[in-house]
Structure formats: structure tokens, C-alpha cells
Amino acid sequence: MTTPDSATRFQRFILPGLAFKAVVIGGGYATGRELPAGPWGGVAGMILATLIWSSVAATTFAFAHGVGAGDYRALFAALLGRGGVVFEISYLLFVVVVLAVFGAAAGAIGAATLGAPQLTGTLALATSIVVFATFGNAGVERLFKYVSLILYGVYAVFLILAVMHFGGGIRRAFVDAPPPRDWVVGGVTYASYNIVGAVVVLPVLRHLTSRRDAIAAGLIAGPLAMAPAIVFFVAMTAFLPGIASATLPSDTMLSALGMPAFRLLFQTMIFAALLESGTGAVHAIVERIAHASRRALGARDRAILAAGIVTACIFVADRFGLVALIARGYRALAVVFLIVYVLPLLTLGLARLLRTSEAV
């Protein structure tokens, strides 16, 4: 285990952003289903969402560092007092929705790429989440690190291939597109869907040494999380508007490339992205329980807790389709998190930060 004095720059400045990316990518854009429509409006909205993510993450990380909060329960106890229970209930509902979405997406990926039954991909994801959550902070941080290397590499190759194969369609989409409309509302809404990721990743902030570290890590988090989304969205514009209604837009584009090997690689990367997102969401709950119990949890305890959480949540996907889950769950939760998290943080939390001073 590292101490603040031995923490590397990667752990202090980059790891929190990779963790934030890990949490938002599965629910935010791994499959492509959740990205906004309209070329110019989409890009403008995503840039605005990046600024929102960075601002909220920087404030969250600074506040958490200031009050010594290593999990969301401790942060909201300091921010809202007894009112923190409202966030806890909302977060549990959020986890139910996102794990169900991830399970359905994993099933769809297995069916699309391997021809396997839907349940096969869902079970594979559920089992993998439990395995990685069993190893605690160190194991989860390694997952974020190594999946990120694969993810950014695959997205970079995808961008090159998309420009080569769909460049004409992309250019036409932006040339023919009308001026952006409602991009502010779209950007705020898109950012709100997954802004809770800044709270979920609090366990990895244990490496921060100062408020300056916290603010820098938060500002970096936004671009790290959004860069793959912008790459994906630009490629998607060649297929608008029809692709917006596809259950797995990623598979639509990969099929159009006509490269089976890369299609398999990309869908494997998406599965890994869903894995890190799901693991991050479950790990946050396990860490909250560990801190509340005031004792170190062993691998067996973590495995039992993770298995219980995953079993209770992920198989909701058996009853609803991927599209229905996103439409019904995310919009309402976005509003709830704005009310119980973002507004208090940017008023009460920011005021508290400004009243305190710290040598940096």
C-alpha cells in the first residue's frame, strides 16, 4: 500500500481520471447508445459536458481531501449531515440501473460477436465484476490502469479506420448539419447522467498529498473521460440519423468496416469497459461498508458482498431491454444527483473550501 509520501505522479494526477473514465464509460458511451445526436450540437454539448465534469470532479476531490472522506458516505456526512442518506438511496438505485444496463449490453455483445445466448455475456460480466472487486483497492486500481491502456489504444485505431472508411460520410454530416440547437441543455443533461462518477472513485484518492493534487486530478479527469467519447461520436456522425436508434451502434459501425478481427477486438474492449465501470460502482459500495464497519475486509468478505450486490442488481436486465433501461432510469437519476449532490457541493461545499486554507 502506498503512502502520500511515496505516491507517484501517476497515482496522484492520472489515476483518479482513469478511475472516473472507468465509471462513466460503461453507462456513458461504451456501446454508443447514449451519445447525443446532431454533429455540431453533439460536439458542442460534449465539450460543455467535459468542462462540467472537470469542474465538479475538481471540487469533489478537493472537498473529499479536505474532510478526509475515503468513500461517499463520509463525503455526504460532511456535506449534508443526516441528509446524506438521500444520496445513499439514490446511489443504490443508480447501481441497480447501471448494472442492469451493463448486463444487458454484455449479453448483446456476446450475441452479436459470438452468437452466444444473451445470458452467457451477462453471466460472464457478473462473474468478472465479483472477481475484481474481491481484491480491494489495489486490484481495482490495476484494473483501471490496464484496461485504460487497451481502451485508448483501440479507440485510436478505431479513429484511424473510421476516417479511412467513413471519412466522406463524416465530412458530409458536418457540412450538411444545421447550426447547433439546444446544445447547452444537451451538454448539461449528458454530463449529469454520469457525474456521480466523481463520488464513486473516492477510494482511489488515497494517494493525494494536497488540495492542489485534488484540484489538478479533477481537472484532468474530464478530458480523460471524454476523449474516447468524442472519437466515437465523430465516427457515428457518418451513420446519422438511423444509427441513433440502434441497440448497439458500435456493432453497426464495426460491421460496416468489414474487419471481423477488429470487430472482435473492439467488442472485447467494450466488455472490458463495462467490467471496469461495473467494478467501480460495486467497489464503491463495498468500500462504504468497509469504512462503516471500521474493520478491514478480507477477500472472502469482499467476494460475498460483491456477489450479493451484483446478483441483486444485474439480472434486472432479464425483464427490460437496454434501450428501455437507459430511457427510464438515467434521466430521473440525473435530476436527483443534480439536486442532492451537485447543487450542495457547488454551494455549501465550495463555500466551506473557500473558508479554509491549506499550505500547498
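Here are the numbers for the structure shown:
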| item | result |
| --- | --- |
| Given (1) touching a residue at least 24 places away in the same chain (Cβ under 8 Å); (2) in a helix (DSSP H, G or I), number of the condition Val175 does not satisfy | (1) |
| Single residue of the range 297-335 satisfying the filter (of a type in the set (A, V, I, L, M, F, W, C) and modelled with pLDDT of 85 or more) that is surrounded by the fewest Cβ atoms within 10 Å (Cβ to Cβ) | Ala299 |
| Meets criteria (modelled with pLDDT of 75 or more and either out of contact with any Leu (no Cβ under 8 Å at 6 or more places or on another chain) or part of a helix (DSSP H, G or I) (or both)) for Leu35 | no |
| Residues of the range 147-200 classified as under 18 Å from the mean Cα position of the chain (by Cα), at pLDDT below 90 and among the hydrophobic types (A, V, I, L, M, F, W, C), total | 4 |
| Test: residue in the range 262-284 that is among the small types (Gly, Ala, Ser) and surrounded by fewer than 17 Cβ atoms within 10 Å (Cβ to Cβ) | no |
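The values are calculated or read from the model by the stated rules, or taken from the named source; none is laboratory data. This is a predicted model, so every value here is computed, not measured. FYI the Cβ positions are ideal-geometry reconstructions off the backbone, even for glycines, and counts take in every protein chain you see.
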